[in-house]
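This report concerns only the one structure given below.
The values are calculated or read from the model by the stated rules, or taken from the named source; none is laboratory data. These numbers were taken from a predicted model, which means no experiment stands behind them. Here the Cβ is made from the backbone with ideal geometry for all residues, glycine too, and neighbour counts use every protein chain on show. Heads up: the accessible areas ignore ligands, DNA and RNA and are worked out on the full protein's heavy atoms, side chains in. Shrake-Rupley method; radii C 1.70, N 1.55, O 1.52, S 1.80 Å.
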Amino acid sequence: MVLTVRVITPDKTVWDNTVQEVVLPSTSGQLGILSGHAPLLTALDTGVMRIRTDKEWQNVAIMGGFAEVEQDEVKVLVNFAEVGETIDKEEAKREYNTAQAKLEEVNKGNEHLEKIKASNALKRAKARFNASGGIS
């Protein structure tokens, strides 16, 4: 049995295919979806969505949104998504290291808003680097 998975951003469809299994980064933790899953609506966190096609896993970096599961169909509506194999691993590593350094720098100060922005930037950079195969 298979699932139909669609990953949709405001400007394009990033993924539209049948798969065997999906692991979503929900706001309450990792959420595995197989064929026959009960209907579900969940908020998604910034992170890596893992998709199993046959015996291979694909990574998709997603930046927050929602997922709806109904009748073996998974609709993922997110602000931004990028398939891992299309991400330049070295560029993603540089962005991750820069974001990490920026967070360390702002954590020395008292600017709460800057800390939140730097933390979110690091989360996005980590998701992209992880999806590219850089870290897990």
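Apply the a/c threshold of 1.5 to the C-alpha gyration tensor of segment 87-132 and tell me whether it is rounded, prolate or oblate.
Values: a/c = 4.28, a/b = 2.36, b/c = 1.82.
Prolate shape, in that a/c is at least 1.5 and a/b is the bigger ratio.
Short version: ³J(HN,Hα) in whole Hz for each residue of segment 5-12, in order, from phi by Karplus 6.51 cos²θ - 1.76 cosθ + 1.60 (θ = phi - 60°), x for Gly and Pro, what are they?
10, 10, 10, 10, 10, x, 10, 6
If we sort 30-43, 7-20, 56-69 on the protection proxy, mean other Cβ atoms within 10 Å, highest first, what's the order?
Going by the mean number of other Cβ atoms within 10 Å, highest first, we get 56-69, 7-20, 30-43.
Note down the relative contact order for the chain as a percent, whole number, built from C-alpha pairs under 8 angstrom at least six residues apart. Provide the component values of the computation, followed by the final result.
On the way: 294 pairs, mean separation 30.8, N = 136.
Over the chain, the number comes to 23 percent.
How large is ³J(HN,Hα) for each residue in segment 114-125, as worked out from phi by the Karplus curve 6.51 cos²θ - 1.76 cosθ + 1.60 (θ = phi - 60°), to whole Hz, x for Gly and Pro?
Result, rounded to whole Hz: 5, 5, 5, 4, 5, 5, 5, 5, 5, 4, 5, 5.
Is it possible to state the helix-based mean residue ellipticity at 222 nm for the chain, with each DSSP H run of 4+ residues giving -39500 (n - 2.57), the sum divided by total residues, to the nearest 500 deg cm²/dmol? What is it? Don't skip to the answer; put the middle values down first.
Numbers: 2 runs with 38 residues, N = 136.
Dividing the helical sum by the residues of the chain leaves -9500 deg cm²/dmol.
Given a 1.4 angstrom probe, I'd like the percentage of the accessible area of segment 71-136 that is carbon and sulfur, rounded to a whole number.
Details: 1980 of 4330 Å².
With neighbouring chains kept in place, the figure for segment 71-136 is 46 percent.
Leaving out ligands, DNA and RNA, and with a 1.4 Å probe, what % of the accessible surface on segment 1-52 is carbon or sulfur? Write down the numbers at each step before the final one.
On the way: 1350 of 2670 Å².
Whole-percent figure for carbon plus sulfur exposure: 50.
Quick one: which residues, 5+ away or cross-chain, put their amide H under 5 Å from the amide H of residue 17? H built at 1.01 Å from N.
Distant-sequence amide H within range of residue 17: 5.
Rounded if a/c is under 1.5, else prolate if a/b is larger than b/c, else oblate: which is segment 3-85, with a ≥ b ≥ c the root eigenvalues of its Cα gyration tensor? All intermediate terms of the calculation are to be shown ahead of the outcome.
Details: a/c = 1.34, a/b = 1.11, b/c = 1.21.
It comes out rounded by the Cα gyration axes.
Enumerate the amide H contacts of residue 46 below 5 Å, restricted to partners 5 or more residues apart or on another chain; note that Pro and chain-start residues carry no placed amide H.
64
Would you pull out the residues with amide H under 5 Å of residue 72's amide H, same chain only if 5 or more places away, H placed 1.01 Å from N?
Residues meeting the criterion, in which the H sits 1.01 Å from N, are 36, 37.
Please count, across the chain, the pairs of lysine residues with Cα atoms under 21 Å apart that sit 8 or more places apart or on different chains.
Lysine pairs satisfying the spacing and distance rule in the chain number 18.
Using θ = phi - 60° and the Karplus form 6.51 cos²θ - 1.76 cosθ + 1.60, what ³J(HN,Hα) does each residue of segment 64-73 get, whole Hz, x for Gly and Pro?
Values, residue by residue: x, x, 9, 10, 10, 10, 7, 6, 6, 10 Hz.
Sum up the charges of everything whose Cβ sits under 13 Å from the Cβ of residue 53, counting Lys and Arg as +1 and Asp and Glu as -1, but leave residue 53 out. Before the final figure, lay out the partial values.
Values: positive: 50, 52, 55; negative: 16, 21, 54, 56, 85.
Around residue 53, the charge tally is -2.
Please determine, in degrees from 0 to 90 and to the nearest 10, the orientation of helix 89-106 with respect to the longest principal axis defined by the Cα atoms of the chain, where the helix direction is its Cα long axis.
The answer is roughly 50 degrees.
Just the accessible area per residue of the chain, please: how many Å² with a 1.4 Å probe? Could you put the intermediate results ahead of the total?
On the way: 7960 Å² over 136 residues.
Using a 1.4 Å probe on heavy atoms only, each residue of the chain averages 58 Å².
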